[in-house]
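Contents: one structure, followed by commentary.
The values are calculated or read from the model by the stated rules, or taken from the named source; none is laboratory data. Remember, it's a predicted structure, so these values are computed and weren't measured experimentally. All Cβ positions, glycine included, derive from the backbone under ideal geometry; neighbour counts span all protein chains shown.
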Amino acid sequence: MYEVAVIGAGPAGASAALFTAKAGKTTLLIDNDKGMTRRGWYENYYGIAEIGGPDLVETGHKQAVKFGAELVADQAVNLIAGGEGITIETESGSAYKAKHVILATGVLTDLAAKAGVETKDGTEPRIKTVVAVNAEGKTNVDGIWAAGTVAGVSVHAIITAGDGAKVAINIISELNGARYVDHDLLKA
């Protein structure tokens, strides 16, 4: 069983997986390669002069994998909460089990709704429905969290990346039983 599974590997999902994997948590990152970030051009992403969406997404994948996340190319089609952990069923027929699941599915809420996760009206232009979360990113279903656009934050990639990191830090803190801080120092 994974400690954390992230569904969606755009900025929110890859950022979350990067943090959880770097913290030593067994992490699964599931990507269907259909996210809206791949269609964008970014000149407003902190630390990067300019980058195309495909390169931004691939960089995020590489960073998460570098720290130990397992990246799977598949489409999550069902979440089953109950017992110990949450089972994720995929289009290819695979099933994965995780203690915590982060939904980072962009504009798509159908998987959340199917799992009994509460949704609400979105506030961003063209985003009709989002997952209802508390300030930490938790949903009404134990063990299911949400980050990024699907959780109602701005569609801007830099903001969704930060939200993914925030939710990951909250999960790591819960798993560790103490507030987690990831702070690297410059190597001399």
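Summary of computed values
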read-out: Criterion (farther than 20 Å from Gly162 by Cα and without any contact (Cβ under 8 Å) to a residue 60 or more places away in the chain) met by exactly one of Gly47, Gly85, Gly93, Gly52; value: Gly93
read-out: Matching option when the condition is part of a loop (DSSP other than H, G, I, E, B) and in contact with a Ser or Thr (Cβ under 9 Å, 6 or more places away or on another chain), among Gly83, Gly60, Gly68; value: Gly68
read-out: Residue count for region 146-184, restricted to those that are surrounded by fewer than 19 Cβ atoms within 10 Å (Cβ to Cβ), hydroxyl-bearing (Ser, Thr, Tyr) and either touching a residue at least 40 places away in the same chain (Cβ under 8 Å) or touching a helix residue (DSSP H, G or I) at 6+ places or on another chain (Cβ under 6 Å) (or both); value: 1
read-out: Leading residue by the ranking (farthest from Val155 (Cα to Cα)) among those in region 6-52 that are part of a loop (DSSP other than H, G, I, E, B) and hydrophobic (A, V, I, L, M, F, W, C); value: Ala23
read-out: Filter pass, Thr87 being in contact with a helix residue (DSSP H, G or I) (Cβ under 7 Å, 6 or more places away or on another chain), among the hydroxyl-bearing types (Ser, Thr, Tyr) and modelled with pLDDT of 95 or more; value: no
read-out: Residue that is surrounded by the most Cβ atoms within 10 Å (Cβ to Cβ) [pool: residues in region 120-144 that are within 20 Å of Val101 (Cα to Cα) and touching an Asp or Glu at 6+ places or on another chain (Cβ under 8 Å)]; value: Val131
read-out: Enumeration of residues in region 7-56 that are on the phi > 0 side of the Ramachandran plot and crowded, with 21+ Cβ neighbours inside 10 Å; value: Gly8
read-out: Every residue from region 71-80 that is of a type outside the set (Asp, Glu) and either over 14 Å from Gly116 (Cα atoms) or not in a strand (DSSP E or B) (or both); value: Leu71, Val72, Ala73, Gln75, Ala76
read-out: Residue match in region 31-44 (condition: of a type outside the set (Val, Ile, Thr) and at pLDDT 95 or above); value: yes
read-out: Selection status of Asp55, charged (D, E, K, R), outside any strand (DSSP E or B) and touching a strand residue (DSSP E or B) at 6+ places or on another chain (Cβ under 7 Å); value: no
read-out: Ser92 being touching an Asp or Glu at 6+ places or on another chain (Cβ under 7 Å), closer than 18 Å to Leu28 by Cβ and in a loop (DSSP other than H, G, I, E, B); value: yes
read-out: Selection count where residues are under 16 Å from Gly10 (Cα atoms) and in a loop (DSSP other than H, G, I, E, B), scope region 137-148; value: 1
read-out: Hey, Thr109 of a type in the set (Ser, Thr, Tyr), more than 13 Å from the chain's Cα centre (by Cα) and surrounded by 18 or more Cβ atoms within 10 Å (Cβ to Cβ) or not; value: yes
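Yes/no per residue for (1) assigned to a loop (DSSP other than H, G, I, E, B); (2) modelled with pLDDT under 95:
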position	(1), (2)
Ala98	no, no
Gly106	yes, yes
Thr123	yes, yes
Ala135	yes, no
Val150	no, no
Ser154	yes, yes
Ile158	no, yes
Gly162	no, no
